[in-house]
Amino acid sequence: MLPTLLGITFLVFMLIAMSPGGIGASLRRSGGGQMSATNAAIRQMYLEDRYGLDDPPVMQYFRWLGRISPLKFGQRDQITPKNERISLPRHIKAPVLWDWFTDSPPVAQDIEPFSFKPDATAEDKAAIYRKAKEDYAKARSAFLTARAIYEQALGTYAEHAGINKPRNGKGKLREKAFRAVGKPDPSSPDYAALHDAAQAMLDAWQHAENARARFIEVFKAKPFPEAGIPIVPGMISLAMPDFGVSFTKSRPVVELIKDALPVTLLLNLVAFPVIYFISIPVGMLSAVKRGSSFDSISGVVFIALWSFPTVLAGVLAIGFLASNQYLGWFPVSGLHDKLADTMTWLPTHDAQGHWQPGYVLDTLWHICLPVLCLVYGGFAVLSKQTRAAMLDNFNADYVRTAKAKGVPEKDIILRHVFRNSLLPLITMFVTLFPALLSGSVIIESIFSVPGMGHLAIDAINNRDRELVLATTLMIGAVNLLALLLADILYAMADPRITYE
Amino acid sequence: MQNRFGLKDFILLFVMILTLASIWMAMAQDDRRWKQNSEILSKLASLEQQGARLDQQLRAGVELSPKSIDKLSSSISNAIGNTLSETIAKAGPIVVTQNDNDQGSKNTSEHTGANDTNTTSDSHDTSWARPGVPIEWQPKYTFATDPRNEPDFAYGGELTEAYNAQPSKLMPVLGEDVYSTRIVDQVCETLGDYDPKTLKMRGLLAQAWQYDPNGMWLRVKIRDEARFSDGQPVTAEDVKWTLDEYINNPEMETEALRSLLTQIKDAQVISDKVIEFHFTEPGAYNLRNALGIYALPKHFYSKFTTTELNKATGLVMGSGPFKLKSLDPDHQWTPGEDAVLVRNELYWGDRSPLASLRYRTITSDQARLVAYENKEVDMIGPTSPQFIEVPKRYKEQGKDIHDTTYTLKWVNMKSGYSFIGWQCGKRNGKYTPFHDKRVRQAMTYLLDRQRMIDDIWGGIGEVAVGPNNPPKPTADPTIKPYPYDLAKAKKLLAEAGWIDRDGDGILENEEGDEFEFEFTRSSGSQISERIGKFVVDSCAKAGIRCIQRPVDWSIYDQILKGRDFDALIMGWSPGSPESDPTQIWSTKSIQNQGNNFIQWDAGQDAIIDKIVVELDEAKRMELFHQFARLIHEEQPYTFIRVSPWLRYISKDFKNVHPYPKSLEQREFYMPAQ
């Protein structure tokens, strides 16, 4: 099961990474507004640094894997009193062509080992940590700014030095193109600016490395309790998976799913019983009355509904059922009334003795149209399945035996035939179950329902790495679980099936 | 035999589930009551606080405006004679100050700019100012059109606005999309803002400022009465905190704004109400940028860590006319719910008539219109086809849409424009035909833009003349758009050497190369598809072969950065009356993949470099007009259309005016029944 899940997420991730624009395309797009080139470069540098977007996709994937894995290696994360998880800072990435301006990359200097005083309170520790973190953040951002300016200077130099295509499609400097030409010529008019920018960058780099080393020292002194349970102390530990932060919505992915999932569940938990309660009895009846007008009419109606496109149905539902110009029975948008905040939960009478629908009924009334659109196409498949399975069993020997024994017709249908027809219905349920969680994009966008379908499509359109991976993982896991559930249900429904 | 699951078991199970469900329902019901109770209690607490503050203020003495003191003293003098009233007016707990509050009610419309108050400025306290530098006193920022004297004026009511897309988060600066910003702007205030009518920068929280004639510093005096929605005064410390710890804090995800404010070196608190900004170098936009900083309450936001703020979705508090209903960090607004703002009853300025503003997201165009017609929402932005079709439909039904709806269509400072950008520089090492100015002019002549607007956008919009269009002061009103003139286009092309030399209907240059170019447009949009067809047809008439190249939006950026196009269609939309021309037009933006992606270089830098350092507005506008004339002559872009804002607003509301700035929801009111 695990390899399958990893395979799915890896495939989806690589597909998105290789699509035009690549991971984080939307960030670059919004960064391209009316900003000067330098400002835009600085902003992009910040974003790429924060989300690690400048790393190769495979590395980004494995980093994500490391974060969601419950098994953690190396230094354990720590949990602040505000329940924020903090971990060791990432490496500072070396700028391109740094070796043109210095012999060795800067290393942290003069870092004395740090430990908290034995009588330091939790607040003291937190304050020292915060200071170190702030200093590091400032130093790192200063370095990033300096690096962006340095790269701009390189770009300007390249254009005048006649370097062929100094930047790739994503705006990154191509190291190879520069190396092909060789070290910059000090007599070039752009050299002075480039040299200054490089020196400023190297200084900032040195500062950032120092601040980082200091921050690591403070982190290692453990200002906060550590997360998870150690297995091999100092090396392997167990901890909660971390799904990260969506970089287009800059909110934790778990929270986004927590917002969207109940909406989708609500719609589907209302829709599914409706589908089952209508299509199974209809399927049974048409099997019993095979060839009757009921059989053919229900068949025609259900197939007709099944072939009707949802987009059109949604638009018609809004235009006729919701519009006051026609019927106006249902509300058009949203899941609650404007006054929902002040409603009681259950129906009640207000002070004037008027009947008030209350929150629950109001919500049900609001979801009527989306549910209708979810439901109508589902009847055909299920009722036809039921009908076919029942017909198979009607012709079986045991039914004839039961009839011969004089078992009443009703008992034959409900106790014998229907029970034995359950197997295909279980299979159906399993295929429908994941749809329960993934939501329907079309219906959600027509009715402005902020559900899972919306979230997933947004994530893909924006190439939002964390969100795409988390939703893929979730839907994949649910699919696999549903298959497992089906196997278990088979064994329960049919004594002949055992898993030895 | 095995005991099977029978009908009785089923009934038992059903009853059990029913019982559990009803217990849960009852608990939920109780929970809700509890929540409402606590809401009422918190409201009560804030009312008590307000009462206590009023009491305190009354004890400390009340400022009266000169008008009311006149009334008071005349009534007193009627009763007991002149001499006594004078002493009363000067003594006792009643303190009389020359307050600029008084111009709020009737004559606002006559007060348009900052200069009006110069006559009264003598009476202001100037001890905060740097000596020798003129102080620009600001009239109080109030309703652009005062509704309070209307006969049916009333306080109360709710305006529901439908948005096309979900606001990402109700957080100042962090919520970057246009919808979030619009909501946050009702809650948080800046030091200065544009006047809705004149588009001139004027003080909002700022009572006055001093701007260094050399442009190196700006000293701002914050209004004494300005306070946040919890009653705490707005201080210079709050502004400084916002700049240093909110916007410029590298741990905050505010880099979009941060990278625009790089010219502000620091902010220094001079006194409780006075703050001074220092700039790294003088610039025309420093004043605007510094005054555009929100004043966020330090006492509220500093309670949270940067991580909490970065991921927060509904922690917006400020000094504006509206506020968020609840600021509970554990139950924040999340995208998907309606966003509801309620009137800030403690607002320091003129209270807004409406009791609340509600924002609902309706993504489907049709659903939005139906929701409006059902009166589920009061304000929508209809699509261009809807804007044309709906009034027709009303007419067919024998109704007039204007009875119930304000149908607003106007160009304001945020209206964007669409254009075709011509590659003026090299593409893949070779000049395109558009390198020649005459060819670009010819292209503009041969595109009938009025017809494009009529056919493609149903006649909604105006032909754009340049990057700045009226009513913006940066537009040169004397410039008229190029007319459609095929003959002239052909003549210009011939002058540039493009003549049909072999009689096949396609133009060739001297080397015999045919005039063929690629037209890059975004795929998947009907409008861009129709523009593509129109351009191809128009070009064919002049003997130019145009090949469409539809591409996905996500690779547009790569194409722009790589300058890998001959011509492309795009749009820009500005956020303020005056956009810094450097980013799009300067030759500096040709380098390093900047936004001058058409690589236009025609000596514009001489003007642009003057614009960005010219502190005098009138002179800057003159430079802008000069720049507009250069662009008009050069036609680096063929400007197609200024897209006006379209709004349907219910006539349940009054005092609805489309301003050059945008709409002012804070002055709408619902007439008394």
- Query: What is the fewest-to-most order of B:W422, B:W217 by other Cβ atoms lying within 10 Å of their Cβ?
  - Reply: B:W217, B:W422
- Model label zone, A:A304; criterion: amide N under 19 Å from point 7 Å along Cα-to-beta-carbon; scope the stretch A:262-293: A:279, A:282-283, A:286, A:291-293
- Task: Please find the FRET efficiency linking B:K200 to A:T4, where r is the Cβ-Cβ separation and R0 is fixed at 60 Å, and quote it to the nearest 0.05.
- Result: 0.40
- Item | Those aspartates and glutamates that a straight Cα-Cα span of less than 13 Å connects to B:K409, excepting residues fewer than 8 apart in one chain | B:E462
- Message: Run the simple label-point estimate for A:S293 and A:S19 please: 7 Å along Cα→C-beta, distance reported in nm.
- Response: 5.2 nm
- Within chain B: Cβ-based charge dipole about Cα centre, in debye rounded to nearest 20 (Lys, Arg +1; Asp, Glu -1): 980 debye
- Item | Relative contact order (%) - the stretch A:420-463, alpha-carbon pairs under 8 angstrom, separation at least six | 27 percent
- Could you give the size of the charge dipole of the protein assembly as shown about its Cα centre, using +1 on the Cβ of each K and R and -1 on the Cβ of each D and E, expressed in debye and rounded to the nearest 20? 2620 debye
- Item | Percent of Cα-Cα distances greater than 18 Å, calculated over the stretch A:350-464 | 69 percent
- Query: Which FRET efficiency value, to the nearest 0.05, is calculated for B:Y155 and B:K375 with the Förster distance at 25 angstrom and r the Cβ-Cβ distance?
  - Reply: 0.75
- Item | Total lysine pairs under 22 Å (Cα atoms) in the stretch B:267-328, excluding pairs fewer than 8 apart on one chain | 9
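Would you work out the relative contact order for chain A, in percent, from Cα pairs under 8 angstrom that are 6 or more residues apart? Numbers along the way, then the final one.
Working: 570 pairs, mean separation 96.3, N = 500.
Rounded, it is 19 percent for chain A.
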- Task: Hey, could you grab the Kirkwood Rh for the protein assembly as shown? Inverse mean 1/r over distinct alpha carbon pairs, Å, one decimal.
- Result: 34.6 Å
- Within the stretch B:398-456: Cβ-based charge dipole about Cα centre, in debye rounded to nearest 20 (Lys, Arg +1; Asp, Glu -1): 580 debye
- Message: Could you tell me which residue out of A:T121, A:M45, A:L469 lies farthest along the dipole of chain A toward its positive end? Charges go on the beta carbon: Lys and Arg +1, Asp and Glu -1, centred on the Cα centre.
- Response: A:L469
- Which FRET efficiency value, to the nearest 0.05, do you get for B:I401 and B:A487 by plugging their Cβ-Cβ distance into 1/(1 + (r/R0)^6) with R0 = 45 Å? 0.60
- Distance in nm between pseudo-label sites at A:A120 and B:S326 (7 Å out along the Cβ direction from Cα): 3.9 nm
- Once you list every other residue whose beta carbon is under 9 Å from the beta carbon of A:F243, what net charge do they have if Lys and Arg are +1 and Asp and Glu are -1? -1
- Message: Please compare each pair in A:K138/B:K240; A:K338/B:K651; B:K426/B:K472; A:K82/B:K169; B:K426/B:K588; A:K133/A:K172 to a cut-off of 25 Å on the Cα-Cα distance and tell me which ones are over it.
- Response: B:K426/B:K472; A:K133/A:K172
- Query: More than 14 Å apart: what percent of Cα pairs in the stretch A:214-296 qualify?
  - Reply: 80 percent
- Item | With Cα atoms, 0 to 90° folded angle of helix B:526-541 axis to chain B main axis | 30 degrees
- Note on the structure: Dipole check, the protein assembly as shown, charges on Cβ (K,R +1; D,E -1), about Cα centroid: among A:T386, B:A487, A:V399 the Cα furthest to the positive pole belongs to A:V399
- Message: Filter chain A for me: DSSP H helices, axial length by Cα at least 15 angstrom, mean Kyte-Doolittle hydropathy not below 0.0. List them by residue number.
- Response: A:2-18, A:57-68, A:253-288, A:293-306, A:379-394, A:422-438, A:465-493
- Query: Using the scaling law 2.2 N^0.38 Å as the reference, what is the normalised Cα Rg of the stretch A:299-396?
  - Reply: 1.52
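Could you tell me whether the stretch B:133-271 comes out rounded, prolate or oblate from its Cα gyration tensor? Rule is a ≥ b ≥ c as square roots of the eigenvalues, rounded for a/c under 1.5, then prolate if a/b exceeds b/c, otherwise oblate.
It is oblate, given that a/c is not under 1.5 and a/b is not larger than b/c.
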- Using every pair of alpha-carbon atoms in chain B, split the distances into 20 Å bins beginning at 0 and state the percent of pairs per bin, rounded to integers. 15, 43, 30, 10, 2, 0
- Task: From the C-alpha gyration tensor of chain A, pull out the three semi-axes of the equivalent ellipsoid (sqrt of 5λ each), sorted largest to smallest, in whole Å.
- Result: 59, 28, 26
- Item | Inter-label distance for A:L327 and A:D54, nm, one decimal - labels placed 7 Å from Cα along Cα-to-Cβ | 5.9 nm
- Task: Could you work out the local net charge near B:L218, counting Lys and Arg as +1, Asp and Glu as -1, over the other residues with Cβ closer than 9 Å to its Cβ?
- Result: -1
- Given Cβ charges of +1 for Lys and Arg and -1 for Asp and Glu, the option among A:P184, A:F143, A:L194 whose Cα lies farthest towards the positive end of the dipole of the stretch A:130-241 is A:F143
- Item | Mean Cα-pair separation over length for chain B, i.e. relative contact order, pairs under 8 Å, 6 or more apart, % | 15 percent
- A correct Kirkwood calculation over the Cα atoms of the stretch B:527-639 returns a hydrodynamic radius in Å of 16.1 Å
- Query: Once the other residues with Cβ under 14 Å from the Cβ of B:G603 are scored (Lys, Arg +1; Asp, Glu -1), what is the net sum?
  - Reply: -1
- Once you measure Cβ to Cβ distances between cysteines in chain B, which Cys have no partner under 4.7 Å? B:C188, B:C424
- What aspartates and glutamates sit close enough to B:K375 to cross-link, taking a C-alpha to C-alpha distance under 15 Å and skipping anything fewer than 8 places away on the same chain? A:D337, B:E158, B:E161, B:D403, B:D652
- Message: Give the aspartates and glutamates whose C-alpha is closer than 14 Å to that of B:K221, dropping any in the same chain fewer than 8 places away, or say none.
- Response: B:D125, B:E136, B:E237, B:D238, B:D272, B:E276
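Each reported figure results from applying straightforward, stated rules to the coordinates on display, with no laboratory input. As the structure is a computational prediction, the values presented were derived from the model and not from experiment. Cβ coordinates were reconstructed from backbone atoms using ideal geometry, including for glycine residues, and neighbour counts include every protein chain displayed.
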